[in-house]
Each structure stands twice: as C-alpha cells, then as structure tokens.
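The values are calculated or read from the model by the stated rules, or taken from the named source; none is laboratory data. Remember, it's a predicted structure, so these values are computed and weren't measured experimentally. Note: ideal-geometry Cβ built from the backbone for every residue, glycine included; neighbour counts use all protein chains shown. Ligands, DNA and RNA are stripped out before the accessible areas are found, and what is left, the full protein with its side chains, is counted by its heavy atoms. Shrake-Rupley method; radii C 1.70, N 1.55, O 1.52, S 1.80 Å.
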Amino acid sequence: MIDQDGNKVPVVIGNEQPTVRGVIVVARGADQSSTKVAIMDAVSTVLDLPSYKVTVLEKND
C-alpha cells in the first residue's frame, strides 16, 4: 500500500486472468439433448471456449 494524498492505494504489480481448462455444468433437464446443446453453446460463448471443453451433466435429485 502506498499513501497518495492521505489515501492508501494498493500497488498492482500485474493483472492475470486464470486459464480455464474446462467446464462441468450440472443442470436439471440436461437429459434432453436440446437443453444440453443450448447450455453448451451458452457456456462456450460466454467463456470463449471450444464446446469440446464443456461437459453438461443431468442433475439427479
């Protein structure tokens, strides 16, 4: 922390984003292929991942 005009400000050395290697989604209704594809498309679009790195599993109650 450094002091600037009476305010403490953090010193930022770097800003790194974590690397996402894959995603697992557990959801109700994922047994239906259309729902599974919609979830995979949404996740891969938001996280900018290829769809083969997204796995969607059905939630069992």
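Under 5 Å between amide hydrogens, built in the peptide plane, is the criterion, and for Val56 it picks out Val25 among residues at least 5 positions away or on other chains.
Largest accessible area first, the residues Ile39, Ile13, Ile24 order themselves as Ile13, Ile24, Ile39 under a 1.4 Å probe with ligands, DNA and RNA left out.
Panel values: the chain, Kirkwood radius from alpha carbon pairs, Stokes-Einstein at 20 °C and 1.002 mPa s, translational diffusion coefficient 148 µm²/s.
Per-residue ellipticity at 222 nm from helix content only, as computed over the chain with -39500 (n - 2.57) for each DSSP H run of at least four residues, stands at -8000 deg cm²/dmol. Of the trypsin sites (Lys or Arg not before Pro) found in segment 4-61, those in coil by DSSP whose Cβ has at most 10 other Cβ atoms within 10 Å are Arg21, Arg28.
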